[in-house]
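None of the figures in this text is laboratory data; all of them are computed from the coordinates on show. Note that this is a predicted model, so its numbers are computed, not measured. A quick note on method: Cβ atoms are made from the backbone with ideal geometry, for glycine too, and the neighbour counts reach across all protein chains shown.
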Amino acid sequence: MAHRRAGSIITPTMDFNPTLSQLPNPSEKRIALRVSAPAERALRQGHPWVFDGSITEQSHVGASGDLAVIFDNKRKFLGIGLYDPTSAIRVRVLQTRQPAAINADWFQNKLTAAVQLRAPLATQDTNGYRLVHGENDGLPGLVIDRYADTLVLKLYTPAWLPHLKEFCDALAQVSPAQHLILRLSRSLQKQTDALHNLRDGMTLSLLPTPGLILFQENGLTFESDPIHGQKTGFFLDQRENRARVEALSEGKSVLNVFSYSGGFSVYAARGGAKEVVSVDVSPHAIEAAERNMAHNRHIPAVAAAKHETFAEDAFDVLARMASQKCLFDVVIIDPPMFAQNEKQISSALAAYRKLTRLGLGVLRRGGVLVQASCSSRVNAGDFFEAVHGSAREARRGLTEIERTGHALDHPITYPEGEYLKCLFATV
Ligand code: SAH
């Protein structure tokens, strides 16, 4: 997606990897569907999915990426979406209420709305953010993160493949970048027949893929490894919580558990923390945390903060620190997703309780606990109650400072989209 300069006007052009043009075109023939009454109600309320089990009539078998039009029982248009025969989420809804042609113009309109929503971030010295948050931005099954001049597009369904070239053309017009990297969800990586030479981590733009990318978040410099890193290389969703930690850190000792590449640690350091400790089981994450701290050494407070790291299991480190009576003023606990499905909810809640207990074991009286959950299966009420309940059992009742959720680049428009919750509390 190189830009060519014509005079002083930058014209985004569409220099894409030829693999993109070799994908099959979308079928001309739309699938017509009818759905059960509850599914119809959900659609009218704006829910973005039609499950396989709720389809009551279907015109023909159809292929992945076909457009499916859903009609109500009076044969009136209900919605149009992307058909995916490989998933229980059989249709991902693109539009309801009015019929639409799903084409480059339609994609451009959606992308323009997404860009406009994020405009305030530019004034906050931030050029790393989620540009498209899937269903919540009306582009279901697709996420785009921007890191400075690199876009990382992650697909969760093969239904996007026949539309990908047209979509990327629209993206190049609306939000041009030097590099466009493709990531595929784990389930999509396995569907090799559908991929037509597309690979996870390949570059869709013509320029060679950059390795590590530097970008700004609230004026801090971070690196992202969009190909080998977790998520698309960085946990952009914690930006606002990191800024809250910065505001709490003056003169404090801060423990960042499940630190990944040290996002919270760098903010704590800029906030004036005298000591920051980052813990993550992944040695790569810890190396990145050390580099991220180094990227910001020109900031006097960051240079002054002592940074110590442990590439170890968090549960072990917390237990050991408690036995050594090692105490902190601020303890941040931001673990990975614990519940992948319904069955794992109770074990996830038990793990959150255990982490609260361990975290409080290393938290000074009057200190601040910051504990987050990114499991969408675990609802916010149950999570907050687990943390409070565990604190009460430990006879260290918590006083809430704040409960926080999603930042503006992670809008939420349907219940299952809600995943991030975080408690700030003093003990
Ligand atoms: N707080 C981070 C994101 C954390 S993601 C940020 O703001 O960027 C969860 C992290 O937990 C991952 O980096 C993963 O490597 C780490 N992790 C998973 N299991 C772990 C364990 N048992 N002990 C320590 N770290 C673990």
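Dividing the convex hull volume of the alpha carbon atoms of the stretch 235-426 by its residue count gives 110 Å³ per residue. Derived scalar couplings between HN and Hα for the stretch 41-57 equal 4, 4, 4, 5, 7, x, 5, x, 10, 10, 7, 3, x, 9, 7, 9, 8 Hz in order, rounded to whole Hz, by the Karplus curve 6.51 cos²θ - 1.76 cosθ + 1.60 (θ = phi - 60°), x for Gly and Pro.
Computed packing ranks the peptides 279-288, 404-413 as 279-288, 404-413, most packed first, by mean other Cβ atoms within 10 Å. Remark: for residue pairs 231/274; 252/325; 154/421, the C-alpha separation exceeds 19 Å in 231/274; 154/421. The string of couplings for the stretch 290-304 from the Karplus curve (6.51, -1.76, 1.60, θ = phi - 60°) is 5, 5, 4, 4, 5, 4, 10, 4, 5, 8, x, 5, 5, 4, 7 Hz, one whole number per residue in order, with x for Gly and Pro. Cross-link partners of residue 306 among aspartates and glutamates, defined as those whose alpha carbon lies under 12 angstrom from its own and excluding same-chain residues fewer than eight positions apart: 275, 290.
Between amide H atoms placed 1.01 Å from N, distances below 5 Å from residue 95 occur with 80, all of them 5 or more places distant or on a separate chain. Considering the options 81, 56, 42, tell which one lies farthest towards the positive end of the dipole of the stretch 31-96, charges being +1 on Lys and Arg and -1 on Asp and Glu at the Cβ, about the Cα centre. Result: 42. In straight-distance terms, cross-link reach from residue 76 covers every one of the lysines whose alpha-carbon lies under 30 Å from its own, apart from those fewer than eight places away in the same chain; here that gives 29, 110. The mean of 1/r over all distinct Cα pairs in the stretch 31-96, once inverted, gives the Kirkwood hydrodynamic radius of 11.3 Å.
Taking only the C-alpha atoms of the chain, Rg followed by Dmax gives 23.1, 70 Å.
Per-residue 3J(HN,Hα) values for the stretch 368-382, derived from phi via the Karplus relation 6.51 cos²θ - 1.76 cosθ + 1.60 with θ = phi - 60°, read 10, 9, 10, 10, 10, 9, 10, 8, 5, 5, 8, 6, 4, x, 5 Hz in sequence order (x marks Gly and Pro). Most simply put, the stretch 235-426 has about 35% antiparallel DSSP beta bridges, counting only bridges with both residues inside it. Here's how it looks for residue 363: its modeled amide H is under 5 Å from those of 328, which are all 5 or more places away or on a different chain.
Panel note: the C-alpha atoms of the stretch 284-368, placed on their principal axes, show extents of 47, 30, 21 Å (largest first). Highest mean packing comes first when the peptides 108-119, 174-185 are listed by Cβ atoms within 10 Å, giving 174-185, 108-119.
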